[in-house]
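A.B. asks: Take this structure first; my questions come after.
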Amino acid sequence: MTLKIPELRMPTELEMRDVSMRWFERIGPTLIDRWPADLAALSMPTEIVRLPTELIEPMYDMKGNEPHPDVQAFAAELDAKIGWKRRFVRLNSRSPKDSTWPYEVAATISGKEAMSMLMGSERALDDLCRFRHIPEHPAYICLREWVYGLNPRDEYRCFVKGGKLIAVTNYDYRNPWSGPADGGKELRQQIDRWFADHVRPALPIDTVVFDLWVQRDGKFLLIEINPYGLSDPCYLKTYERVENATGFIEYGSCALTSKDGA
């Protein structure tokens with residue numbers, strides 16, 4: 001018996017555009033360049049620079065070790081905008097943290113390094129391939145003000161469904177801990193109030209994931225919003241557990257969900 005392998009076929013431009021539009025329709029409301037002003041005010045100041053669609057292909061057209069001349073010219077423009085100030089660099093869709101491993105912090109004072117991080121990221125490549133097929137919805141490079149003192153242990157991922165904050169998990173993958181003595185009850189109450197007073201009224205959609213920095217002075221800073229169902233549930237592990245969580249916080253080494261009797 002002969003196994004007949006079908007001939008491989010590259011998708012057409014029209015098929016790629018259709019896939020890209022469906023992707024955009026799902027993630028569009030979470031893109032930083034589309035945030036309402038009230039939501040942006042809860043986060044760190046961000047300068048948004050349009051990435052020309054015609055530059056996407058040259059970004060991956062290296063001549064030896066030298067980037068394409070158009071990419072070098074754009075990197076020089078970013079240099080001027082950054083102006084020796086440390087900036088966290090990301091696309092309007094997500095960050096290139098996979099290209100900065102094991103540090104996972106895409107921060108720089110250099111336009112050249114900013115472009116290098118984006119060009120070395122599979123996350124960025126995946127998104128830029130989609131943006132390339134929908135030029136009416138361009139990609140943007142976001143130069144975010146660097147905030148000092150952000151301890152990964154103080155970052156939380158929060159899950160909103162139907163306008164309700166249903167679950168919160170600590171974000172720090174590398175160093176799980178049991179959390180405060182009360183299991184995060186007091187902090188969860190504070191997050192609930194801040195969400196109701198500030199985040200919920202500003203959200204463009206009622207089902208979303210947002211990341212939050214709990215600062216040492218007790219204030220909160222919104223880091224980003226992400227599509228519900230596509231974002232990593234972190235220590236909650238699955239969206240089934242997200243949707244069955246109680247009013248506590250998951251810290252990785254202690255499972256505070258209804259199924260665990262918390």
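A.B. asks: Please list, in order, the residues from segment 190-212 whose amide nitrogen is less than 13 Å from a point placed 7 Å along the Cα→Cβ vector of R34.
C.D. replies: So the set is 204-206.
A.B. asks: Apply the Karplus parameterisation 6.51 cos²θ - 1.76 cosθ + 1.60, with θ equal to phi minus 60°, to every residue of segment 210-218 and state each ³J(HN,Hα) to the nearest whole Hz, in sequence, with x for glycine and proline.
C.D. replies: Result, rounded to whole Hz: 10, 9, 9, 9, 8, 6, 5, 8, x.
A.B. asks: Working out 0.36 nm times the residue gap between C129 and K63, then minus their Cα-Cα distance, what length gain in nm do you get to one decimal?
C.D. replies: Result for the pair: 21.7 nm of gain on full extension.
A.B. asks: If you don't mind, another one. Pairs of lysine in the chain with Cα under 28 Å and at least 8 positions apart or on different chains: total?
C.D. replies: Lysine pairs, 8 or more places apart or on different chains, close enough: 25.
A.B. asks: Specify the angular offset, from 0 to 90 degrees and rounded to the nearest 10, of the alpha carbon long axis of helix 13-27 from the longest principal axis of the alpha carbons in the chain.
C.D. replies: 20 degrees
A.B. asks: Within the P(r) computed for the chain, what percentage of the Cα pairs occupies the region above 28 Å?
C.D. replies: Percentage above 28 Å: 41.
A.B. asks: If you don't mind, another one. Accessible area per residue of segment 42-133 at 1.4 Å probe, in Å²? Present the calculation step by step, with values, prior to reporting the outcome.
C.D. replies: Details: 4800 Å² over 92 residues.
It amounts to 52 Å² per residue over segment 42-133.
A.B. asks: Still on this structure, please answer the following. Tell me which chymotrypsin sites (Phe, Trp or Tyr not before Pro) from segment 1-106 have a DSSP coil assignment and no more than 12 other beta carbons within 10 Å of their own. All intermediate terms of the calculation are to be shown ahead of the outcome.
C.D. replies: Numbers: sites: W23, F24, Y60, F74, W84, F88, Y103; in loops: Y60, W84, Y103.
Filter output for segment 1-106: W84, Y103.
The values are calculated or read from the model by the stated rules, or taken from the named source; none is laboratory data. The model shown is predicted, which means the values in this text are computed figures rather than measured ones. Reconstructed Cβ throughout: ideal geometry from the backbone, glycine too, with neighbour counts over all protein chains shown. When the accessible area is computed, the model is the full protein with side chains, heavy atoms only, and any ligands, DNA or RNA have been set aside. Shrake-Rupley method; radii C 1.70, N 1.55, O 1.52, S 1.80 Å.
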